[in-house]
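**Student:** This is the structure I want to talk about, given as structure tokens.
The values are calculated or read from the model by the stated rules, or taken from the named source; none is laboratory data. The structure displayed is predicted, hence computed values, not measured ones. Here the Cβ is made from the backbone with ideal geometry for all residues, glycine too, and neighbour counts use every protein chain on show.
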Amino acid sequence: MPIVAIDASDAADPRARGWGRYARELVAAMRRLDPPDLELRALQQDSRGPELAWEQVHLPRRLRRLGAALVHAPNCFLPLRRPCPGVVTIHDLAFEDHPEDFARLTGWKYRTFAPRAARSAERVICVSEHTREDVCRRWGVPEERTRVILPAPTLPRTDAEPPEGPYLLYVGDLRRKKNVVRLAHAFRRLHEEGLPHRLVLAGIDAGEGANVIAAAGRAPVELTGWVTDAELDALMRGADALVHPSLHEGFGLVLVEAMARGCPVVAAHATVLPETCGDAAVYFDPLDTADMARAIRSVVEDAALRATLAERGRERAGRLSWKRTARETLDVYRELLA
């Protein structure tokens, strides 16, 4: 039986976000399917030192010892020299458009190894059509070697009590590409016009926290820092709207999590977000704070619109499942192993 090795190092982080959740949920869903024709091995970094040494030196050695027939890197860092065919998942190319959001060495690693990994891979899995187009256009990856496989909601449902309202919610790191300073400016305008809500920003401060506070002025803004899954679930269920002003996303999983809970979405008309949300969101120009304020107000002041968005969001999020993601990923493995 052929052995398929998956680099699941990112899944081990108890505070996993993004790529880590993707790796964790994908491996779990594929194991639940229990494919009779494949042996799945989830590998994790077992050596001290930088991640790059694991990905490009130690992981290929493990693959040789295992006799792996295929390796899948779910985090874009596929070994460039490997003893077997490789599959790589590319989530987004934000490091190309927004290098200021990455430390110097981190940005160098992404820009050096991710394009080479995608060009060398026998198959490239992209989490959206937008990301596939980006990968093919920027890096010259042939479209016939790419596959679009959508992720699904990962946040568990809980019975945690939402905080008192009314409030608007943003979820994500506070960094430049997330455009949270413009959101704070838009919220300040709304507050000065009499909006009774506060703005809750749930995410790690990656450098923009002070700028957000300054931009908001006297408008009530709450920076929560990192929150648990239960706290995030409750925040989404209690919010009058989730506002996502990001300038670059590969899929926008947080939007799907909100839609699954019936939380109305107000999102930037940028990159993948219209593809992810379709008609289940109200959009705005992310560079225009007046337009952002207009879109937010149109949702919070219209109960009928909120109900429509909630219904459409639940229906759209309901089409996604990790079972489907796992099946389509296993099909990619079988396609190569055939």
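**Student:** Could you tell me how many of the residues in region 286-331 are aliphatic (A, V, I, L, M), touching a strand residue (DSSP E or B) at 6+ places or on another chain (Cβ under 8 Å) and surrounded by fewer than 19 Cβ atoms within 10 Å (Cβ to Cβ)? Show your work before the answer.
**Tutor:** Just the residues of region 286-331 that are aliphatic (A, V, I, L, M), to begin with: 287, 290, 292-293, 295-296, 299-300, 303-305, 307, 309-310, 317, 320, 326, 330.
Filter once more, so that each one left must be touching a strand residue (DSSP E or B) at 6+ places or on another chain (Cβ under 8 Å): 292, 295-296, 299-300, 305, 309.
Checking the rest, the ones that are also surrounded by fewer than 19 Cβ atoms within 10 Å (Cβ to Cβ) come to 305.
Looking only at that region, the number is 1.
**Student:** Go through region 279-309 and give me each residue that's in contact with a Pro (Cβ under 6 Å, 6 or more places away or on another chain) and part of a helix (DSSP H, G or I).
**Tutor:** The first filter runs over region 279-309 and keeps only residues in contact with a Pro (Cβ under 6 Å, 6 or more places away or on another chain), leaving 286, 299, 306, 309.
Hits for region 279-309 are Val299, Arg306, Leu309.
**Student:** Now a separate question. Among the residues of region 178-190, is there at least one that is under 20 Å from the mean Cα position of the chain (by Cα), at pLDDT below 95 and farther than 19 Å from Val300 by Cα?
**Tutor:** Checked against the condition, which is being under 20 Å from the mean Cα position of the chain (by Cα), at pLDDT below 95 and farther than 19 Å from Val300 by Cα, region 178-190 yields no hits at all.
**Student:** If you take the residues in region 262-285 that are surrounded by fewer than 23 Cβ atoms within 10 Å (Cβ to Cβ) and in contact (Cβ under 8 Å) with a residue 40 or more places away in the chain, which one is nearest to Gly313 (Cα to Cα)?
**Tutor:** Gly262
**Student:** Considering only residues that are at pLDDT 95 or above, among the charged types (D, E, K, R) and surrounded by fewer than 19 Cβ atoms within 10 Å (Cβ to Cβ), which ones fall in region 63-104?
**Tutor:** Once the filter is applied, which keeps residues that are at pLDDT 95 or above, among the charged types (D, E, K, R) and surrounded by fewer than 19 Cβ atoms within 10 Å (Cβ to Cβ), region 63-104 yields Arg64, Arg65, Arg81.
**Student:** Further question: Would you point out which residue out of Gly207, Gly238, Gly194 is small (Gly, Ala, Ser), modelled with pLDDT of 95 or more and either more than 16 Å from Val265 (Cα to Cα) or not assigned by TED's automatic domain parsing to the domain that holds Glu311 (or both)? Steps first, please.
**Tutor:** On the way: Gly207 fails: modelled with pLDDT of 95 or more; Gly238 fails: either more than 16 Å from Val265 (Cα to Cα) or not assigned by TED's automatic domain parsing to the domain that holds Glu311 (or both).
Being small (Gly, Ala, Ser), modelled with pLDDT of 95 or more and either more than 16 Å from Val265 (Cα to Cα) or not assigned by TED's automatic domain parsing to the domain that holds Glu311 (or both) holds for just one of Gly207, Gly238, Gly194, which is Gly194.
**Student:** Regarding Glu144, is this residue in a helix (DSSP H, G or I), surrounded by fewer than 22 Cβ atoms within 10 Å (Cβ to Cβ) and touching a residue at least 40 places away in the same chain (Cβ under 8 Å)? Before you say what the answer is, go through the steps one by one.
**Tutor:** On the way: in a helix (DSSP H, G or I): yes; surrounded by fewer than 22 Cβ atoms within 10 Å (Cβ to Cβ): yes; touching a residue at least 40 places away in the same chain (Cβ under 8 Å): no.
Against the criterion (in a helix (DSSP H, G or I), surrounded by fewer than 22 Cβ atoms within 10 Å (Cβ to Cβ) and touching a residue at least 40 places away in the same chain (Cβ under 8 Å)), Glu144 does not qualify.
**Student:** Give the residue that is surrounded by the most Cβ atoms within 10 Å (Cβ to Cβ), with candidates limited to residues of region 206-233 that are closer than 27 Å to Asp159 by Cα and of a type in the set (D, E, K, R). Even if it seems obvious, please write down each step before you answer.
**Tutor:** First, the residues of region 206-233 that are closer than 27 Å to Asp159 by Cα: 220-233.
Filter again for of a type in the set (D, E, K, R), leaving 222, 229, 231, 233.
On the way: Glu222: 12, Asp229: 15, Glu231: 16, Asp233: 20.
So the residue we want is Asp233.
**Student:** What's the number of the condition Asp46 fails, among (1) under 16 Å from Tyr333 (Cβ atoms); (2) charged (D, E, K, R); (3) more than 24 Å from the chain's Cα centre (by Cα)?
**Tutor:** The one condition Asp46 does not meet is (1).
**Student:** Restricting the search to region 259-278, which residues are touching a Leu at 6+ places or on another chain (Cβ under 9 Å), of a type in the set (A, V, I, L, M) and not in a helix (DSSP H, G or I)?
**Tutor:** Residues satisfying the conditions are Val265, Val266, Ala267, Ala268, Ala270.
**Student:** Something else: Could you look through region 2-47, keep only residues that are touching a residue at least 60 places away in the same chain (Cβ under 8 Å) and in a loop (DSSP other than H, G, I, E, B), and pick out the one that is surrounded by the most Cβ atoms within 10 Å (Cβ to Cβ)?
**Tutor:** Looking at residues that are touching a residue at least 60 places away in the same chain (Cβ under 8 Å) and in a loop (DSSP other than H, G, I, E, B), I get Ala8.
**Student:** Only one of (1) of a type in the set (Val, Ile, Thr); (2) out of contact with any strand residue (DSSP E or B) (no Cβ under 6 Å at 6 or more places or on another chain); (3) part of a helix (DSSP H, G or I); (4) closer than 21 Å to Ala186 by Cβ fails for Val256. Which number is that?
**Tutor:** Of (1) of a type in the set (Val, Ile, Thr); (2) out of contact with any strand residue (DSSP E or B) (no Cβ under 6 Å at 6 or more places or on another chain); (3) part of a helix (DSSP H, G or I); (4) closer than 21 Å to Ala186 by Cβ, only one is false for Val256: (4).
**Student:** Residues that are farther than 28 Å from Val181 by Cα, within 20 Å of the chain's Cα centre (by Cα) and not small (Gly, Ala, Ser): does region 298-314 have at least one? Even if it seems obvious, please write down each step before you answer.
**Tutor:** Quick first cut of region 298-314, residues farther than 28 Å from Val181 by Cα only: 304, 307-308, 311-312, 314.
Now narrow it down to the ones that are within 20 Å of the chain's Cα centre (by Cα): 314.
Add one more test, that the residue is not small (Gly, Ala, Ser), and what stays is 314.
Yes: region 298-314 contains one or more residues that are farther than 28 Å from Val181 by Cα, within 20 Å of the chain's Cα centre (by Cα) and not small (Gly, Ala, Ser).
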